[in-house]
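Here the structure comes first, spelled out in structure tokens, and everything after it is commentary.
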Amino acid sequence: MKKLASRILVGALLVTAATFAMAADMGSWTGWITDTNCAAKGATASHAECATKCVKEKGAKWALYNAADKTTWILSDQDGAAKMVGKGEVTVKGTADAATKTIKVSSMEMAKK
């Protein structure tokens, strides 16, 4: 019985540790939806048409440009990003992968002012 209880406790601790490790990359970022070709240059409402053309015709990806730290993140939700381009700053929540500079999007909405 003690052996079973010990195994259950160890299993629970491993699951808890894995949850905290995954949560470390979760976050929230605010910025402009732009395309990967233009990044910071495309972080304006007037760039929406050009960004759309770059994504559709030139192989660019939809991305979030964060002016606060001057980073560009490729977004997993390409369809959602396409609907938000040119409308103002957005807040993206999800899980970031720093090695690939991508965010696995869990939600995306207009930023609160």
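The values are calculated or read from the model by the stated rules, or taken from the named source; none is laboratory data. Just so it is clear, the model here is predicted, and its values are computed rather than measured. No Cβ is skipped: glycine too gets one built from the backbone with ideal geometry, and neighbour counts run over all protein chains shown.
General observations
- Positions within the range 70-113 being more than 17 Å from residue 39 (Cα to Cα) and of a type in the set (Ser, Thr, Tyr), in sequence order: 95, 106, 107
- Filtering the range 50-65 to residues that are out of contact with any Gly (no Cβ under 8 Å at 6 or more places or on another chain), under 16 Å from residue 87 (Cα atoms) and surrounded by fewer than 20 Cβ atoms within 10 Å (Cβ to Cβ) leaves only 52.
- Flag: residue 94 does not match the condition of being surrounded by fewer than 16 Cβ atoms within 10 Å (Cβ to Cβ) and part of a strand (DSSP E or B).
- Hits in the range 99-112 - residues which are surrounded by fewer than 16 Cβ atoms within 10 Å (Cβ to Cβ) and touching a residue at least 12 places away in the same chain (Cβ under 8 Å): 100, 101, 104, 106, 107, 109, 110, 111, 112
- Among the numbered conditions (1) at pLDDT 95 or above; (2) outside any helix (DSSP H, G or I); (3) surrounded by fewer than 18 Cβ atoms within 10 Å (Cβ to Cβ), the only one that residue 82 does not meet is (2).
- Residue within the range 41-56 that is touching a Cys at 6+ places or on another chain (Cβ under 6 Å), modelled with pLDDT of 95 or more and among the hydrophobic types (A, V, I, L, M, F, W, C) present: no
- Pairing residues of the range 23-51 that are closer than 18 Å to residue 94 by Cα with residues that are aromatic (Phe, Trp, Tyr), at Cβ distances under 9 Å and at least 6 apart in sequence or on separate chains, gives 29/73; 31/65; 31/73; 32/65; 33/62; 33/65; 34/62; 34/65.
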